[in-house]
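**Q** Shown below is the structure under consideration.
Just so it is clear, none of the values below were taken in a lab; they were calculated from the coordinates. These figures come from a predicted structure and were not determined experimentally. A quick note on method: Cβ atoms are made from the backbone with ideal geometry, for glycine too, and the neighbour counts reach across all protein chains shown.
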Amino acid sequence: MKVILPVAGKGTRLRPHTHTKAKSLVHVAGKTVLEHIIDRLEPLNISEYLFITDENGQQIEDFMARKFPALKCRYFVQQQRLGPAHAVALAASAIGEDEDLLVVFNDTIFVTDLTSIPELCAGADGLIYSKEVEDYQRFGVNVVRDGQIVDMVEKPEQPISRLAQVGLYYLKNGRGFIDSIEQTIAAGETVKGEYYLPAVFMRMINDGLCLRAPEIDAWLDCGKPETLLETNRYLLKGRHHIHGDIENTVLIEPVHIEKGAVVKDSILGPNVSIAAGSRIEKSIISDSIINADNQVSNMILDQTLLGDSVSLVGSSRRMNIGDHSIIEMDQ
C-alpha cells in the first residue's frame, strides 16, 4: 500500500501560527499534527509515503528525515492551487498497477482501526471514511443505501445524510482511482475553478464501482485555534506525561511536558502541553498549547496557543487593601 498525504495549503484559519510553518507541523498534545497521523499509519504495511507540498515543502522533508528517517518518502510540489483532486493527481507517476492506495488529508487527526481495511472493503472497491455530525450543512456528505454510497451532496440544506466525509480514503485500485481523477480534470469538472474528489468518486460510482462509508471513532479537527484546543483536550485524556524538569510546581492532570522544557514555581493544567525548549516560571496555565523555545513568566493563561520562540513576560502586583474591599481585575 502507498499513502498520499496532501500537506499543501496556506492554513489561513490557523494564522498567525501558519505564517512561518506548514499547518501539519503545528503542535497538539505533545506532537505535531503530522506525527499523530504518521503514528496512526504505523500498523499498516506502507511501502511509500507520497507528500503533496507547497513552498513550505522543505520543512516537511526536513521534519520527516529527522523524525522518521526509516520511512521511504517522495515529494511533489503543487505549484497551482487547483483543488484537492488536482493535488492527489500530482502523485500519479508513483502509483503503479495493482497498488492499493490510502489518501489522508492533514486538517484532521482520525481515530479508527486501519487494520480492518481488508474486512471493511471485502466485496467493494473503496472506502470513504465518514463521521455522523449534527452540523451536516458544513460538509460534503455520503448518501448510503444497502451498505454502499449512491450519492454525495456538498453542504446539503436538508438532512439527506449526516455522514460527513472526513478526508480519509482507501482505494483498492489506486491506479484506477488516479485515472478517474485525470478523466475528471480532462472533463473540466470544477467547483469555483478547483477540482474536488466527490466528482471523482461519483464518476467511479456511475461506472459501477462500489464505495462504502465506514464511520471512524473520532474526527479531531486541527484547522482552527479553537478546534486545535479541543483536539488537545481529547488527545490528552488519560495521558499525563512529564519528561521535562519540574520545580516547585503544581500539576493538574492531564499535562504533557516534553523533555527539554523547564517549569518552575507554577501551576499547570488541566489540558496543557509544553514543548521542548520552553521555560515557564511563576505562571498559571490551563487549557493551552505552548510550543517550542518559549519564555513565559508571571502570566495567567487560559485557552492559549503560543507558537515557537515567544517571549511572554508579565508582572506581579503589589497591593495594600483595607477591610471590606471588592477588587475586580480584568485580564
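**Q** Nearest 20 debye, what's the magnitude of the dipole of the chain about its Cα centre given +1 on Lys and Arg Cβ and -1 on Asp and Glu Cβ?
**A** Numbers: 33 positive and 46 negative charges, 127 e Å.
That gives a dipole near 600 debye.
**Q** So what is the diffusion coefficient of the range 187-320 in µm² per second by Stokes-Einstein at 10 °C and 1.306 mPa s, using a Kirkwood Rh over Cα pairs?
**A** 91
**Q** Still on this structure, please answer the following. Using the scaling law 2.2 N^0.38 Å as the reference, what is the normalised Cα Rg of the range 1-123? Walk me through the intermediate numbers first.
**A** Numbers: Rg = 14.4 Å, N = 123, 2.2 N^0.38 = 13.7 Å.
Relative to the rule-of-thumb radius for its length, the range 1-123 sits at 1.05.
**Q** Report, in listed order, any pair from K172/K237; K237/K259; K2/K224 with a Cα-Cα distance greater than 24 Å.
**A** Check vs 24 Å cut-off fails for K172/K237; K2/K224.
**Q** Let me ask you something else. Roughly what percent of Cα-Cα pairs across the range 237-313 reach past 19 Å? Mind dumping the intermediate values first?
**A** Details: 499 of 2926 pairs.
Value for the range 237-313: 17 percent of Cα pairs lie more than 19 Å apart.
**Q** Tell me which of G30, S315, A186 sits at the most positive position along the dipole axis of the chain, charges placed on C-beta atoms (Lys, Arg +1; Asp, Glu -1).
**A** The Cα lying farthest towards the positive end belongs to S315.
**Q** In addition: Calculate, in nm to one decimal, what Y234 and D151 gain on full extension: separation in residues at 0.36 nm each, minus their alpha carbon distance.
**A** Working it through step by step, the gained length comes to 26.7 nm.
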